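In what follows, a structure is listed as structure tokens, so that the remarks can point back to it.
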Amino acid sequence: MAEKKKFYITTAIAYTSRKPHIGNAYDVVLADMIARYKRQQGYDVFFMTGSDEHGQKIEEYARNAGISPKEYVDKVSDEIKAVWNSLNTSYDKFIRTTDADHEAAVQHIFKKLYDQGDIYKGSYEGKYCVPCESFFTASQLVDGKCPDCGREVIDAKEEAYFLRLSKYQDALVKYYEENPDFIEPQSRKNEMINNFIKPGLADLCVSRSSFKWGIPVTFDEGHVIYVWIDALSNYITGIGYDTDGKASEKYKKYWPADLHVIGKDIVRFHTIYWPIILMALGEPLPKKVLGHPWVLVGEDKMSKSKGNVIYADELAEMFGSDAVRYYLLSEIPFTQDGTITYESFINKYNTDLANTLGNLVSRSIAMTQKYFGGSLDGKGAADGIDGELISAAAEAAKNYTAAMDTYHNADAVSFAMALAKRANKYIDETAPWILAKDEGNRERLKAVLYNLLESIRIIGVLLSPITPEFSGKIAQLLGTDERSTVFGAVNAYRVGEATPLFARIDAEKALAEIAEKQKKAEKPENTVTFEQITIDDFARVELRAAKVIACEPIPKAKKLLKLTLDDGSGAPRTVASGIAQFYSPEDLIGKTVVVVANLKPAVLCGVESNGMILAADSGDEIKVVFLDGVKPGSKIR
């Protein structure tokens with residue numbers, strides 16, 4: 001017996017800052033669909049996902065929560081696993097970047113690259129995005145803001161180690177040319193070439209010294225290995241990359257990866273940084289990177305600060321994992337962003353799952369039970385209408401396979417559903433309930449019901465990577481686990497009792513329940529509930545309009561800016577404010593802000609701060625409250 005062909009597939013590992021929302025979950029659902037399909041095709045599949053657990057943001061979240069970074073990531077990593085499991089994903093390994101073997105392998109990789117001259121020590125001075133923890137050159141900014149998240153950047157300088165991307169630029173371009181399908185969709189490849197490679201690759205910062213929560217550089221205390229080498233290396237460390245002169249059997253078997261499934265926002269990291277790291281290590285490059293589009297809520301990207309986050313596990317708890325998987329895989333196209341709202345989700349469920357699929361199955365099984373006691377022996381006769389259904393089944397299977405082979409998931413679902421719609425139409429065309437009234441039509445009725453059951457079986461096979469629970473129930477109801485998509489592969493049926501597979505949702509009632517749950521949900525992160533105060537308490541706080549007449553960074557205080565204010569008193573007021581990660585001095589000079597003028601003075605990093613300026617903290621970013629056209633010294637009531 002020939003050895004199975006291998007297929008190694010990975011997702012981007014989820015960042016452990018917070019519980020993943022449904023947009024994050026699309027990554028693992030799409031990869032799981034592909035993994036299940038490849039297993040169905042006879043491949044030896046290894047499917048890996050995991051969690052990315054180091055970085056400055058996590059260190060800060062843990063500090064705010066009053067626990068250690070490890071305690072924090074343990075909690076969030078468990079939440080990630082729980083969400084992935086709620087979606088019935090079939091991953092073979094869940095890697096954590098805090099795993100001891102991963103950390104040791106990453107230290108080995110960093111040292112190896114340093115020893116051979118591909119990593120060198122320097123300092124970085126450029127535009128820094130705190131939420132993304134990324135440095136950018138001025139030319140990479142979009143409208144002066146972070147090209148990844150669109151937020152403000154600050155000027156920063158830091159001692160760091162760098163990876164010589166420029167050394168491998170020509171080799172990377174050659175790999176693109178020799179492997180034209182390396183990046184999918186092609187639009188992502190064009191973006192990488194035009195926006196990043198053609199302007200010339202700048203060497204990449206691969207260590208940090210401004211925080212501690214990371215894998216230490218073994219030969220330079222104070223530096224931790226940055227995300228590009230830490231997180232990206234999981235794809236090889238998770239299968240036993242060689243760190244001691246002897247690669248694991250798993251690594252020899254599965255590397256290079258056949259497919260990295262990632263979001264479109266991290267294509268650059270996986271198609272520029274990661275291939276160059278592998279080239280420097282002398283390892284084969286992955287065969288393909290699939291940069292899928294985003295899941296939006298209406299027209300917006302999901303964000304806790306916007307209050308529009310939908311969680312996949314909560315949807316699965318209410319409507320089942322198959323319903324969530326089906327929506328994501330049918331509504332997110334290959335190249336364009338898809339959208340989700342509770343209303344669109346329920347409408348899709350009722351239209352496709354309850355009406356088209358559910359009714360087809362329940363009607364066909366019920367008629368087989370009613371007219372033949374649940375047993376159909378032999379295929380019976382066939383006529384022209386039957387031939388149309390049989391041709392539709394063959395066409396659906398052919399188109400579905402072509403779509404799945406190229407990872408066009410929404411198209412694949414549509415081809416399977418086209419057969420379901422055709423089978424429903426076939427019921428109306430043949431009217432089995434009328435045929436049943438005449439004993440002379442018994443053989444014809446048997447042929448009609450056989451054709452329906454065979455169509456349902458094929459639909460179940462096609463949808464098994466998308467809706468595995470539904471497909472399993474179909475096989476159980478039909479009494480066969482035949483996986484062929486050839487019409488006529490089963491000669492006889494013994495069906496079970498008809499049960500509703502997808503009960504129709506009362507949209508009004510369900511939306512009311514969701515709204516009620518949202519009201520009762522725990523308060524959002526980064527909010528604190530205070531006891532009520534009286535008007536007299538509020539009157540004790542002196543809020544005053546003040547114009548920023550000077551602003552500068554505070555040495556050795558990365559988060560603080562020193563603001564000099566004109567508050568109308570005739571004497572300048574100095575305030576230290578922890579907004580340096582979100583504003584540069586130039587953003588503030590000349591602006592009018594709100595200052596708490598009677599706050600007790602405090603010394604912060606050697607600067608006496610006489611007051612506090614008002615700002616909104618969404619958790620993702622801080623926005624200073626600016627006043628327009630208000631005279632300095634004006635009281636705020």
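Values in this text are rule-based calculations from the coordinates and carry no lab data. Just so it is clear, the structure is predicted and the values come from calculations on it, not from any experiment. Glycine also receives a Cβ, built like all others from the backbone with ideal geometry; neighbour counts cover every protein chain displayed.
This ranking places 219, 415, 470 by how few other beta-carbon atoms lie within 10 Å of each, fewest first, which gives 219, 415, 470.
For the stretch 421-509, the tally of Lys pairs with Cα-Cα distances below 27 Å comes to 8, considering only residues 8 or more apart or on different chains. Near the amide H of residue 161, within less than 5 Å, lie the amide hydrogens of 122, 206, 207, all on another chain or at least 5 residues away, with H placed in the peptide plane. Between residue 63 and residue 92, the contour length at 0.36 nm per residue exceeds the alpha carbon distance by 7.1 nm. Extension gain, residue 170-residue 591: 0.36 nm per intervening residue step, less the Cα-Cα distance, totals 146.8 nm. Taking the centroid of alpha carbons for each part, the stretch 185-264 and the stretch 44-62 are 13 Å apart.
Quick one: helix 468-478 against the long Cα principal axis of the chain, what's the angle to the nearest 10°, folded into 0 to 90? Helix 468-478 and the main axis of the chain meet at about 10 degrees. Each peptide among 404-411, 483-490 gets the average number of other Cβ atoms lying within 10 Å of its residues, and from highest to lowest they stand as 404-411, 483-490. Working note: Karplus 6.51/-1.76/1.60 with θ = phi - 60° gives the stretch 570-585 the couplings x, 10, x, 10, 9, 9, 9, 10, x, 10, 5, 6, 10, 9, 9, x Hz, where Gly and Pro are set to x. For residue 189, a cut-off of 15 angstrom between C-alpha atoms picks up these aspartates and glutamates, skipping any fewer than 8 places away in its own chain: 177, 178, 181, 265. Under a 5 Å amide H cut-off, with hydrogens placed 1.01 Å from N, residue 296 pairs with 338, 339, 340 among residues at least 5 apart or on other chains. Residues 99, 481 in ascending order of nearby Cβ atoms (within 10 Å, fewest first): 481, 99. With a simple spin-label model that places each label point 7 Å from the Cα along the Cα-to-Cβ direction, the separation between residue 145 and residue 347 comes to 2.9 nm. With labels modelled as points extended 7 Å from the Cα through the Cβ direction, what inter-label distance (nm, one decimal) is found for residue 517 paired with residue 195? If labels sit at residue 517 and residue 195, their model points lie 3.5 nm apart. Rounded to the nearest Hz, the phi-derived 3J(HN,Hα) couplings of the stretch 64-69 under the Karplus curve 6.51 cos²θ - 1.76 cosθ + 1.60 (θ = phi - 60°) are 5, 7, x, 10, 6, x, where x marks glycine and proline. Taking the longest Cα principal axis of the chain as reference, the axis of helix 100-115 is set at about 60 degrees. Computed over the Cα atoms of the stretch 316-457, the ratio of the radius of gyration to the Kirkwood radius (Rg/Rh) comes to 1.04.
Residues whose amide H comes within less than 5 Å of that of residue 95, counting only those at least five positions distant or on another chain, are 49, 50, 51 (H built at 1.01 Å from N in the peptide plane). Could you list, in their original order, any pairs among 70/264; 127/253; 6/264 whose Cα atoms are separated by more than 32 Å? Over 32 Å Cα-Cα: 127/253. Applied to the stretch 253-267, the Karplus parametrisation 6.51 cos²θ - 1.76 cosθ + 1.60 on θ = phi - 60° returns per-residue 3J(HN,Hα) values of 6, 9, 7, x, 4, 7, 7, 9, 9, 9, x, 5, 6, 10, 4 Hz, with x for Gly and Pro.
Counting other beta carbons within 10 Å of each residue's own, what order do 478, 599 fall into, fewest first? Let's see the in-between values first.
Values: 478 23, 599 14.
Ordered by Cβ neighbours within 10 Å, fewest first: 599, 478.
With respect to the chain, whose longest principal axis is taken over its alpha-carbon atoms, helix 384-405 is tilted by about 30°. Across the chain, C-alpha contacts under 8 Å between residues 6 or more apart give a mean separation that, scaled by the residue count, equals a relative contact order of 12 percent. For the peptides 221-230, 135-144, 278-287, residues were scored by their other Cβ atoms within 10 Å and the scores averaged per peptide; the highest-first order is 221-230, 278-287, 135-144. Only helices enter this figure: runs of n ≥ 4 DSSP H residues, each worth -39500 (n - 2.57), summed and divided by the residues of the chain, yield -12000 deg cm²/dmol at 222 nm to the nearest 500.
Packing around the peptides 336-343, 246-253, 55-62, 628-635, taken as the average count of other Cβ atoms within 10 Å per residue, puts them in this order, highest first: 55-62, 336-343, 246-253, 628-635.
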